[in-house]
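Structure record follows, encoded as structure tokens.
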Ligand SMILES: *Cc1c(COP(=O)(O)O)cnc(C)c1O
């Protein structure tokens, strides 16, 4: 019996044997909940197997009949995951990686030596730090743009020279919003590609490729998996073009692939993505509105609040909610913020985001010297707990300031 998902890496329709469910015209939430209608053709199992094999039999005529040879190139469990990932973003193709950083560095390292790239001054700290090192090593020429106006991106672009514009929206840890369609136009007019770190928005709320972006990156460690137990990343592309082939070749050579067990867990997590993201978005908005009224809250940063500078753009490009991430600036400065986090009983003091459990993080002390993060800021990842319990926890912690 041949493998059942072997046709996936060849870009054909998902083949599940005779009992395949055709969900192609249905809502993305329906397709995600059923992993595109997967049914195992051999056993009729409704959940895919984990193919742990690293190597695949070659025919006597030297061909690889199922398209798989060695799992650093491609593997069946990961191929099913990549189909589901591509579908989430309406992409031509997707690639899974061992982490969000592996996906991101793989993308940038697919550019020529010394390529000019334009990236946000305020963004996920790990990527910013790595890009600064790539700049020092002269591997990349990096220009940073200030958050706020889209025109800031235009000023950083060098027409004909810039190869890639990278944006993150909403972006860590102030949740600034970038207009994806406007950024895509600026990038394309200058002959560059636009890549979007859409980890926080998720495919539930924003579809960057439909707005003109060329590539989307997710740290799948966060909402896509959603259970704080898998490290993974992915890239999705609007076009399976020459550049995408280069990105794939770099992945094979650097070897930043995702393992089959993680791929399987991620397929499991994605089944509940839509319901989780909608829930945390509703809770985060309720929480933001309540916290804003607290006498010890200096500011609440959340794109769902009308006074957030990115609210109008967010309303246009985020559908069905503003996500589960917000930040709270505490009156009294850094010491008051740290003491507030210490008083929390439901929120867990830990880094990361997008899991079932609500997390709080004093970001400035994580990012260290040179961080643009205000020292009185607590970053909150809203989880799946009862929203009344979360509000109560934060209010009692703020009361003590
Ligand atoms: C976590 C995160 C990353 C990095 O992903 P890892 O899976 O931790 O490597 C990149 N961008 C954003 C917005 C993130 O939250």
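Coordinate-derived values only; no laboratory data. The shown structure was predicted, so the numbers you read here are calculated from the model rather than taken from an experiment. Here the Cβ positions follow ideal geometry from the backbone for every residue, glycine too, while neighbour counts run over all protein chains shown.
Structure data summary
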| item | result |
| --- | --- |
| Percent of alpha-carbon pairs separated by more than 19 Å within segment 273-399 | 44 |
| Estimated translational D of segment 346-393 in µm²/s (Stokes, Kirkwood radius over Cα pairs; 37 °C; 0.692 mPa s) | 287 |
| Ranked list, fewest to most other Cβ atoms within 10 Å of each Cβ, for 130, 175, 244 | 130, 244, 175 |
| DSSP bridge orientation in the chain - percent antiparallel, rounded to nearest 5 | 55 |
| For segment 231-306 and segment 356-387, distance of Cα centres in Å | 16 |
| Acute angle (nearest 10 degrees) that the helix 333-343 long axis makes with the longest principal axis of the chain, alpha-carbon atoms | 70 |
| Mean separation of Cα contacts under 8 Å, 6 or more apart, over the residue count of segment 89-186: relative contact order % | 29 |
| Sequence ranges 319-326, 74-81, 155-162, ranked by mean other-Cβ count within 10 angstrom, highest first | 74-81, 319-326, 155-162 |
| Relative contact order of segment 76-270, pairs being alpha-carbon contacts under 8 Å that are 6 or more residues apart, as % | 30 |
| Between segment 173-189 and segment 314-343, the Cα center-to-center distance that results, in Å | 22 |
| Estimated [θ] at 222 nm from DSSP helical runs (n ≥ 4, -39500 (n - 2.57)) normalised by residues in the chain, nearest 500 | -10500 deg cm²/dmol |
| At 1.002 mPa s and 20 °C, Stokes D of segment 145-213 from Kirkwood alpha-carbon radius, µm² per second | 178 |
| Label-point separation in nm, residue 395 to residue 55, each point 7 Å along Cα→Cβ | 6.4 |
| Crossing angle, helix 242-254 versus the chain [Cα axis fit, 0-90 degrees, rounded to tens] | 90 |
| Burial ordering of 138, 367, fewest other beta-carbon atoms within 10 Å first | 138, 367 |
| Of every Cα-Cα pair in the chain, the percent that sits beyond 31 Å | 39 |
| Stokes-Einstein D (µm²/s) once Rh is taken as the Kirkwood radius of segment 76-270 over alpha-carbon pairs, at 4 °C in 1.567 mPa s | 79 |
